[in-house]
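The structure under discussion appears below in the form of structure tokens.
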Amino acid sequence: MHELNQFKNEVREWLQANCPESMRHPYRSDADICWGGVDFKFQSDDQQVWLRRMADKGWTAPGWPARYGGGGLNREQAKILKQEMKRISARPPMYSFGISMIGPALLKYGSEELKMQHLPPIVHGEIRWVQGYSEPNAGSDLASLQTRADDMGDHYLVNGSKIWTSYGDKGDWMFVLIRTDTLAPIHQGISLILFNMNTPGVTTRPILLISGKSPFTETFFENVRMEKSQVVGEANQGWTIAKYLLTHEREMIGDTGNLQSGAELLSSIAVKNLGLDNHRLANPALRTDIARFEIDEVCHQLTMERARDEIRTGVSLGPAASMFKYYGTELNKRRYELLMSVDSHEALNWAGAGNRDGLLPKLWLRSKGNSIEGGTSEIQLNIVAKRILGLPA
Ligand SMILES: Cc1cc2nc3c(=O)[nH]c(=O)nc-3n(C[C@H](O)[C@H](O)[C@H](O)COP(=O)(O)OP(=O)(O)OC[C@H]3O[C@@H](n4cnc5c(N)ncnc54)[C@H](O)[C@@H]3O)c2cc1C
């Protein structure tokens, strides 16, 4: 206990000295999020300094072993770091599919060479990773994927395409699911391979969304050379690893608190916009919905915290990730529906005016994608029914 208290004091002092003042506010827009990567343009010196200082401590990946650049913190220490960051509303120094997705898969299934090659650059935000799972005819039914590899001895030649690659045009490396054995049963002929997006034969094409933005690409492979040394785990055994990676993705997406650390409470925004009537929110219908939402959100966060404690003791989250993904993303959609109601007719002000930048309607529309990305709500409910409740298929 004494040691933990000492650690807490050290963390508090370190954050006080090293977290720039401008990094002690919640994200206001997408531009505030640091993704790292070869071509990432830092929004400010503070953003860059904050990432570097945290990465040098290994605290961008606090629980990863120190030999791979991580913080080497145990479960209590990692929790203290998170609490202390929250106490001063410190932003996460980076948002990274490397840390939340491929890193955990490498730690569990990767060879020592792959870990040493890829994990330290992830910790330092030097490489931005993207995910190549979905295909035009393989979304929910992911194992039907058709992008295929020809075996050329020490490498594969890959042909096919992926779709809905988030930030595909900004990625430095991709972790991709490829059919490396076309004759085996569908779950047994898939490999998870890592490759550099600059490899000849890789092209991306933007997909425009309703918001006018294009955070997605289609990604095409034409005779792309992928090294066998970059296969994670055994060749043709990628399906197990892909599912393990998905549990981490789903936990990340389901964590509603992740991007909203230190954000203003919905109830405070409502009070500002709608005013009070006899010390209570003036709109009784919204008052009930907002109270219910905030209670549900706290319960969700506490339940996730409990599950994380279990993970840190070595218990795998497994199918429970689907429960969190389902509940967290439905909650996030409720948050944006309520924010839109609280903002009344102003909410649809797309272009923005005065101090409003038109961000809310775009975030509201973006939230609709939460219950699709990483596997739809229907698919999560199927997993919960089958693997947690034990209902018949
Ligand atoms: C914001 C966002 C980001 C994404 N980023 C990436 C990324 O970076 N990389 C990547 O590879 N993919 C990404 N995706 C793709 C995502 O994983 C797929 O969209 C998702 O898995 C659903 O697949 P689909 O779009 O093919 O829909 P489909 O599988 O065609 O599903 C259509 C509808 O049918 C329902 N359905 C399908 N099968 C069943 C079933 N068995 N039982 C009940 N209902 C069913 C679904 O729930 C859905 O409502 C992203 C998607 C979004 C929205």
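I need the shape label for the stretch 155-257. Rule: rounded when a/c is under 1.5, else prolate if a/b > b/c, else oblate, with a, b, c from the alpha carbon gyration tensor. Cα axes put the stretch 155-257 in the oblate bin. Legend: calculated FRET efficiency, Asp154 to Glu346, from the Cβ-Cβ distance at R0 = 41 Å, rounded to 0.05, equals 0.10.
The amide H of His155, built 1.01 Å from its N in the peptide plane, has Lys228 as neighbours under 5 Å, considering only residues 5 or more places off or on other chains.
Spin-label model, Leu208 to Arg52: label points 7 Å out along the Cα-to-beta-carbon direction sit 4.0 nm apart.
Overall shape: prolate for the chain, with the ratio a/c of the largest to smallest alpha carbon gyration tensor axis at 1.5 or above and a/b above b/c.
So how tilted is helix 112-123 from the main axis of the chain? Cα-based, degrees 0 to 90, rounded to 10. The angle comes out at about 30 degrees. Which shape class applies to the stretch 1-130: rounded if a/c is under 1.5, otherwise prolate when a/b exceeds b/c and oblate if not, where a ≥ b ≥ c are the square roots of the Cα gyration tensor eigenvalues? It is oblate, given that a/c is not under 1.5 and a/b is not larger than b/c.
Taking each of Lys41/Lys86; Lys243/Lys368; Lys8/Lys368 in turn, the alpha-carbon distance tops 29 angstrom for Lys8/Lys368. FRET efficiency for the Ile33 to Asn382 pair, using the beta carbon distance and R₀ = 22 Å, is estimated at 0.10. Helix 320-342 and the longest principal axis of the Cα set of the chain meet at an angle near 40°.
To the nearest ten degrees, helix 284-312 and the longest principal axis of the Cα atoms of the chain are 40 degrees apart.
Karplus-based coupling profile of the stretch 238-248, in residue order and whole Hz: x, 5, 4, 5, 4, 5, 4, 4, 4, 5, 5, with θ = phi - 60° in 6.51 cos²θ - 1.76 cosθ + 1.60 and x standing for Gly or Pro.
Only the coordinates and a few stated rules stand behind these numbers; no lab work does. Predicted, not measured: the structure shown is a model, and the values here were computed from it. Glycine also receives a Cβ, built like all others from the backbone with ideal geometry; neighbour counts cover every protein chain displayed.
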